[in-house]
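Shown next, in structure tokens, is the structure this report addresses.
The values are calculated or read from the model by the stated rules, or taken from the named source; none is laboratory data. The shown structure was predicted, so the numbers you read here are calculated from the model rather than taken from an experiment. Note that we place each Cβ from the backbone using ideal geometry, even for glycine, and neighbour counts take in every protein chain shown. Heads up: the accessible areas ignore ligands, DNA and RNA and are worked out on the full protein's heavy atoms, side chains in. Shrake-Rupley method; radii C 1.70, N 1.55, O 1.52, S 1.80 Å.
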Amino acid sequence: MKYGIIGAGAMGVRYGAMMQENAGIDVDYIETWEPNIERIKEQGGVSIARDHQNRHIIPVNIYRPEEYHGHPDVWIIFKKQMQLAEELERDSKAGLFHSDQYVFSAMNGMGHFEKIAKYFPADHIICGTAMIATRMDTPGDVDFMGAEGSEQMHMARYNNERPDAVVQQVFDDFTQADLGPIFADEWKGMCMSKVVFNAVCNTLCTMFEIQMGQFIAYDGVKEMARQLFDEAFDACERAGIYLIESRQEETDSVITISQAYKYHYPSMYQDFSKGRPTEVDYINGYIAKLGREHDYVCKTHEFVVHEVHLAETMRQFKQSVQA
């Protein structure tokens, strides 16, 4: 099958490059960030490395939405939550979406599948999560974090039905690309398992501007994690959402995954450090909103959301003073 990737950022490039290099799959990229488009075209492709080693250029086909006239079988979407609605509207107006196409996304946070469902039927939407750390420090340059073979992701249909032929082929293509796919039975519990993990590691690493390995070096990290996890699990259970991992498994994963990516700054910090808005409202904020909707107050998550926004404000203030 042919794939189109909407968003040539860190994760979009990670998926596309591994599909091209490991599985020989045909991939096109749709991008709207002009500095990224210009840099990729200037250097003849995307510059990729793994853990800062073996950097090389992979030629890619990259287009603005209005320039593209292809017809992928499956779209893969990796945009920031704040950008998604505008991106989908622009792509739709450019005539990119067709009734026979499927779509997959493993974006951070929650809220994106409801937006995607405005353009694709429920039985053509594949929900995903990815425990795959990637960074883009400058336009056109991407660094894959973690050893080869460490990639792991989950996927489930938006209608929670068993895989049809297309979904099975996507799974097989991801497997051949060494992305480590695993089928899940139900998408909300699958996605919330990743959200509550990010609500601990991504958010706290961002607040203190530290790598994941530095985070778990603190003796009290499990107690901090358990407090946030307990609130998140309580909110999910009241909403009838059951995560694919237990509270203990989630707590343990903070250590094991952070150890595997000990030199990694999470994506939320990457946005924060560059003065961009973070996705905290779609992670901790989503958990807090879910709790409020079901008569439960996630006090720690609500406080953490304010702390991150305060840190964003102070960073902007300091930059304006220095300027």
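What the table shows:
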| quantity | calculated |
| --- | --- |
| Subset of the range 94-125 (residues that are among the acidic types (D, E) and more than 23 Å from E67 (Cβ to Cβ)) | E114, D123 |
| Pair list, Cβ under 9 Å, 6 or more apart: the range 192-206 residue free of Cβ contacts under 8 Å to residues at least 40 places away in the same chain and under 19 Å from K289 (Cα atoms), other residue polar (S, T, N, Q) and part of a helix (DSSP H, G or I) | none |
| Residue satisfying all of: in the range 262-308; surrounded by 23 or more Cβ atoms within 10 Å (Cβ to Cβ) and in a loop (DSSP other than H, G, I, E, B); modelled with the lowest pLDDT among these | H264 |
| Residue, least open to solvent (accessible area, probe 1.4 Å), within the range 41-56, restricted to residues that are farther than 26 Å from A260 by Cα and not acidic (D, E) | G45 |
| Long-range neighbours under 8 Å by Cβ, at least six apart or interchain, first residue closer than 13 Å to Q101 by Cα within the range 165-179, second outside any helix (DSSP H, G or I) and open to solvent by 10 Å² or more (accessible area, probe 1.4 Å) | V166/M1; V166/D73; V166/Y102; V167/Y102; V167/R157; V170/M1; V170/Y102 |
| Top-ranked residue of the range 74-132 - restricted to ones that are of a type in the set (D, E) and open to solvent by less than 30 Å² (accessible area, probe 1.4 Å), ranked as farthest from E186 (Cα to Cα) | D91 |
| Some residue of the range 163-175 being out of contact with any helix residue (DSSP H, G or I) (no Cβ under 8 Å at 6 or more places or on another chain) and in a loop (DSSP other than H, G, I, E, B) | no |
| Subset of the range 203-239 (residues that are of a type in the set (S, T, N, Q) and open to solvent by less than 70 Å² (accessible area, probe 1.4 Å)) | T203, T206, Q211 |
| Condition check for Y242: at pLDDT 95 or above, closer than 17 Å to V195 by Cβ, open to solvent by 20 Å² or more (accessible area, probe 1.4 Å) and under 20 Å from the mean Cα position of the chain (by Cα) | no |
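Here's the yes/no breakdown for (1) touching a residue at least 60 places away in the same chain (Cβ under 8 Å); (2) touching a His at 6+ places or on another chain (Cβ under 9 Å):
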| site | (1), (2) |
| --- | --- |
| E209 | yes, no |
| F215 | no, no |
| M224 | no, no |
| E231 | yes, yes |
| A235 | yes, yes |
| K262 | no, no |
| S267 | yes, no |
| E302 | no, no |
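Yes/no per residue for (1) in contact with a Ser or Thr (Cβ under 7 Å, 6 or more places away or on another chain); (2) at pLDDT 95 or above:
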site	(1), (2)
R135	no, no
D141	yes, yes
M145	yes, no
H154	yes, yes
R157	no, yes
D164	no, yes
Q168	no, yes
D173	no, yes
